[in-house]
Amino acid sequence: MAATTESVTQPHQSQPSPKNIQKTFWTDNQGDAQLDALAALNDCSQGALLRSLVEETYTEAFDDLDPAHIEQGQVSVDDLQALANDEITVDELDLTSITTESVTEYEPDSYYLTVTPDDLAEPGPELDWETLRDAVENPEDGGYWNDELEIHESRVGDTTLKASHRPAARILTGVARSKAYENGIVPHDMIEDLVNEYCLHLTNRLTDGEQERGKVHIRETYTNLIANQLYENPSPVANSYYTTKTNLHARLQAEIDMAQRVANRAETVTDFDAWQQTQGCAFDDENLRQQWHSELTTWLEDIARAKHAGRTYAIELRRDNYDNADNEGETAFDGLHANIHDALEAFDTLPAEVRVDCIEALEDRLLAVIGE
C-alpha cells in the first residue's frame, strides 16, 4: 500500500504531538480508481466528493451536533460513541465545559478503517490481509473471532492470504460459514475448493521443481486447519461439517430424538405380525414382506447413525443440556445409548436370516458402526 505524506506547518510549541506535525494519507491503486469513478459520476472534484461523503457520514452518526463544540474541546470520544449508538442525544450532552478527552487529541489504535462482524458478513470491497488478520483475532486481542463469525467471499482476494496458519485458516473458515448450506452444513469439497482458490499462491516461495509437492502440502495443511475450526458431522456416511456449535446442538438433539423413536418402535418393527397390523393389511404376501424388510433396514440405519453420533460426541452429550424426555436424570449420552441398547436387543430377536438380509443391505460405513 503506497503512502503519500503532506507535512503541515505548525506554530512553535514545547512538546508537539506527532498528530499535529504530520498527517499521512494512505491510498492504493484500487482506492484511486474508486475515487476517480465516484468523482466522475457526481461531476465534481475529488475534494468536493470527499467533503460531501464526510458531511453525509457525520450527519448520519451525530445528527445535529455542531462541529464547533468539537473544535472547542467540549465533546469526548465517548460522547461521540454514545451519540452514534443512540444512547444519548445532543441535548443531553454537557457542552458547557472542556473535556479532558478531547476528540481533537484522539490517537487511533489502528490506521485501518474498522470493520464490524456485520460488515465482514456482507458483500463489499476486498479487505487487505492486515484488516482480515486483525478481525479474526480473539476478542481479548481486539478481534471478533467466535463460533458464528462469517466472512463474505467478496471480502477476500485470490492472493490476499499470507502463510500464517491460524489467521488464514480462520479467514477461510469464515468464508465457509458464509457459503454454508441452509442447515449449516459445509461439505468437505467446499473446503477443498476454498483452499484451491485462496491458498495455492502460497507455494510461490518454492522453486519450480517443488511447486507440485508444495501444492499438495498446502492443500493438506489448510484443509485440515479449516476442518478443525468446524464441527464434524455426526453421520458416518456424510463427508461434511457443521459450521457452529448451535447447528451441531440441533443435529445432536435430532439424534437423541431419533434414538428415542427407534427404541419406542422396536417391539413393533421387529415383529412382522405387529407391524402388519399397523399397516391395516390383512394379507401376507411377498410385496408386504419386502415392504417390511425395507422399513426394518431403514430402522437399523437410524440405529447406526444415532449410535455413531453418540460415540463421536460422547463428551458433548455428557456435558451440554439436551432434552432427554424418556431418560430424565441421565445425561443425553446415557439416554441415547440406553435407547440404542434396547433397540439392538429387539433386533437380535429376529430370525437369523432376516438379520443377515438387513445387515447386508447397509452401507459399509453403517455396517462398521453396527458391528462395533
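The values are calculated or read from the model by the stated rules, or taken from the named source; none is laboratory data. Everything numeric here is computed off the predicted structure, so don't read it as measured data. Don't worry about glycine lacking a Cβ; one is built from the backbone with ideal geometry, like all the others, and counts go over all protein chains shown.
Checking E330, E345, E316 one by one, the residue that is on the phi < 0 side of the Ramachandran plot, of a type in the set (D, E, K, R) and crowded, with 18+ Cβ neighbours inside 10 Å is E316 and no other.
The residue that is surrounded by the most Cβ atoms within 10 Å (Cβ to Cβ), counting only those in region 155-195 that are part of a loop (DSSP other than H, G, I, E, B) and within 13 Å of the chain's Cα centre (by Cα), is A180.
Yes or no, residue by residue, for (1) outside any helix (DSSP H, G or I); (2) β-branched (V, I, T); (3) free of Cβ contacts under 8 Å to residues at least 12 places away in the same chain; (4) not assigned by TED's automatic domain parsing to the domain that holds E148:
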residue	(1), (2), (3), (4)
Q260	no, no, no, yes
C281	yes, no, yes, yes
Q290	no, no, yes, yes
H293	no, no, no, yes
T297	no, yes, no, yes
L300	no, no, no, yes
R305	no, no, no, yes
A309	no, no, no, yes
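When L120, L161 are checked against the criterion of being in contact (Cβ under 8 Å) with a residue 40 or more places away in the chain, within 20 Å of T223 (Cβ to Cβ) and of a type outside the set (F, W, Y), a single residue qualifies: L161.
Under the condition of being in contact (Cβ under 8 Å) with a residue 12 or more places away in the chain and over 37 Å from the mean Cα position of the chain (by Cα), the residues counted in region 28-65 number 2.
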